[in-house]
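Read the structure below first, then the notes.
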Amino acid sequence: MYVCICKAVTDRQIRSAVQDGVTSMSGLRKTLGCAGQCGKCGRHVKEIRDEVVGGSCSDANLMRIPAFSAA
Ligand code: FES
């Protein structure tokens, strides 16, 4: 879904950039160009960024916890 109409930036692009380490709004602005023109998408970009950062404990990052042994 397009989030930034001015720069044709999608939510996938934003999620991907954040997962690649671009976690600041200024970084997203520089990298993707979103939120840098009219600014109307800024709130939505930030929400997506926060969602990815807050949920950064993806399956790949989860620590494996050894199974509990009752024996
Ligand atoms: S919609 Fe993103 S800068 Fe205008």
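Please treat every number below as a calculation from the coordinates, not as lab data. The structure presented is a predicted model; accordingly, all values stated were derived computationally and were not measured. A quick note on method: Cβ atoms are made from the backbone with ideal geometry, for glycine too, and the neighbour counts reach across all protein chains shown.
Sorted largest first, the spans of the alpha carbon positions of the stretch 2-61 along the three principal axes are 35, 16, 15 Å.
Database remark: amide H of Val3 closer than 5 angstrom to the amide H of Val9, Thr10, Asp11 (H placed geometrically; neighbours at sequence offset of 5 or more, or on other chains; Pro and chain starts carry no H).
Add +1 for every Lys or Arg and -1 for every Asp or Glu among the other residues with Cβ under 15 Å from the Cβ of Val3, and state the total. Provide the component values of the computation, followed by the final result.
Working: positive: Lys7, Arg12, Arg15, Arg29, Lys40, Arg43, Lys46, Arg49; negative: Asp11, Glu47, Asp50, Glu51.
Net charge around Val3: +4.
Here the Karplus relation 6.51 cos²θ - 1.76 cosθ + 1.60, evaluated at θ = phi - 60°, turns the backbone of the stretch 19-33 into coupling constants of 5, 7, x, 8, 10, 9, 5, 5, x, 5, 5, 5, 6, 10, x Hz, with x for every Gly and Pro.
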